[in-house]
Amino acid sequence: MPKKEIEMIGAPYDKIADAFVHSDETIAKHYVYDPTFLSLLGDLRGKGVLDFGCGSGHSSRMIKHAGAGNVVGVDISEKQIALARESEAHDPLGIEYMVGDVGTSDLSSLGLFDVVTANLLFHYSATK
């Protein structure tokens, strides 16, 4: 997908990025969502993980802390990716973040992964 189209689709998320990042700090996220998400992924030690719809990088960082090897986060929002990269610069874990539409972008250059997440993304699918 051309960069201009990605920017248009990501624009609504850019507008809420600063506020949305605070949802990562809620009690429900910390005690319910995060442990459930990690338990569903299983043992990540040394695995390569591609985190679609990574937003500001919260899930990517959780995945890396759980022992994953190579972690790449992809999101359509430039602002969300900028926030993820800020977190990475402040506390480097070796996570790569990129802007892209996971539905239409050619991501084959990213290589192979053992696990792919698409949390908070499937509801955008046009089909089952």
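For region 103-128, enumerate the residues that are closer than 15 Å to Asp51 by Cα, touching a residue at least 60 places away in the same chain (Cβ under 8 Å) and open to solvent by 70 Å² or more (accessible area, probe 1.4 Å).
Within region 103-128, Leu112, Asp114, Val116, Leu120 qualify.
Among Ala126, Ala84, which is of a type in the set (Gly, Ala, Ser) and closer than 22 Å to Lys29 by Cβ?
On the way: Ala126 fails: closer than 22 Å to Lys29 by Cβ.
That would be Ala84, the only listed residue that is of a type in the set (Gly, Ala, Ser) and closer than 22 Å to Lys29 by Cβ.
How many residues does region 45-102 hold that are closer than 15 Å to Thr117 by Cα, open to solvent by less than 10 Å² (accessible area, probe 1.4 Å) and assigned to a helix (DSSP H, G or I)?
2
Condition check: over 19 Å from Ala68 (Cβ atoms), modelled with pLDDT under 60 and open to solvent by 70 Å² or more (accessible area, probe 1.4 Å). Does Glu5 satisfy that?
Here the answer is yes, as Glu5 does meet what is asked.
The values are calculated or read from the model by the stated rules, or taken from the named source; none is laboratory data. None of the values given here were measured: they were computed from a predicted structure. With ideal geometry, Cβ positions are generated from the backbone for all residues, glycine too; neighbour counts draw on all protein chains shown. When the accessible area is computed, the model is the full protein with side chains, heavy atoms only, and any ligands, DNA or RNA have been set aside. Shrake-Rupley method; radii C 1.70, N 1.55, O 1.52, S 1.80 Å.
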